[in-house]
1. For a quick check, take a GNM of the chain with Cα springs below 10 Å and name the residue from Tyr49, Tyr16, Tyr112 with the largest mean-square fluctuation.
2. Given N residues in region 78-121, what is Rg(Cα) / (2.2 N^0.38 Å)?
3. Convert 20 °C to kelvin, take the viscosity as 1.002 mPa s, use the Kirkwood radius over C-alpha pairs of region 68-150 as Rh, and evaluate the Stokes-Einstein diffusion coefficient in µm²/s, rounded to a whole number.
4. Compute the angle between helix 125-149 and the longest alpha-carbon principal axis of the chain, please, reported from 0 to 90 degrees and rounded to the nearest 10.
5. Simple spin-label model, 7 Å along Cα-to-Cβ: Tyr16 to His96 in nm?
6. Let's see if you can work this out: charge +1 on each Lys and Arg Cβ, -1 on each Asp and Glu Cβ, no other charges. What is the dipole magnitude of the chain about its Cα centre, in debye to the nearest 20?
7. Placing +1 on the Cβ of each Lys and Arg and -1 on the Cβ of each Asp and Glu in the chain, which of Asn21, Phe114, Phe77 has its Cα farthest towards the positive end of the resulting dipole?
8. Taking only Cα atoms of the chain, what ratio of Rg to Rh do you get with Rh as the Kirkwood inverse-distance radius?
Amino acid sequence: DVTISKNNVIKKHLEYEFYSNFDIKKILSFFNNLTGLNLIKIEKLKKDYEALGYSNKFIKIYQQKIYSYPLYLTIMFVIGSLIMLNIGYNKSKIFHIITGIIVSVFIYYLNYFFSNVLESKDVSVFISVWGLQIILSLFIITNIFKVNEK
């Protein structure tokens with residue numbers, strides 16, 4: 001039973017064929033996990049979402065996360081290097097392990113905070129995705145000057 005309403009005129013049909021560019025497989029694939037897609041497929045999926053009238057904010061967020069990930073890995077490498085350069089060789093291995101764990105937990109909770117900010121939808125995508133990298137970059141910049149002074 002199909003009801004079609006157009007200009008306040010209601011027509012009822014027992015059967016109705018609707019032709020579309022999307023088949024059932026493609027429509028069901030919209031709700032799959034994005035982690036298995038590359039950037040080209042994500043861009044195509046974003047256009048399909050727009051064609052169907054769906055919100056593509058989650059796709060934009062995922063794209064920004066992909067773009068920010070190489071910078072995030074570089075920042076983690078530099079932070080590890082700065083910790084090793086700032087801590088003297090005469091400290092015990094336990095001190096190094098505890099310092100690494102504390103820094104890791106701090107970064108984890110910063111990342112968790114920015115993920116929750118993203119879910120609350122109160123701030124822009126840029127701040128919620130790139131905020132962690134900005135804060136960690138400021139930390140790196142201030143500590144690089146300390147290493148240069150030594």
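1. Highest fluctuation of the listed residues: Tyr16.
2. Compactness ratio reported: 1.53.
3. Values: Rh = 14.1 Å.
Roughly 152 µm²/s, to the nearest whole number.
4. 10 degrees
5. Each label point lies 7 Å from its Cα, and together they span 7.1 nm.
6. With only Lys, Arg, Asp and Glu charged at Cβ, the dipole is about 260 debye.
7. Phe77
8. Rounded to two decimals, Rg over Rh is 1.24.
The values are calculated or read from the model by the stated rules, or taken from the named source; none is laboratory data. The model shown is predicted, which means the values in this text are computed figures rather than measured ones. Quick reminder, even Gly has a Cβ in these numbers, built from the backbone with ideal geometry, and neighbours come from all protein chains shown. These area figures cover heavy atoms from the full protein model, side chains too; ligands, DNA and RNA do not enter into them. Shrake-Rupley method; radii C 1.70, N 1.55, O 1.52, S 1.80 Å.
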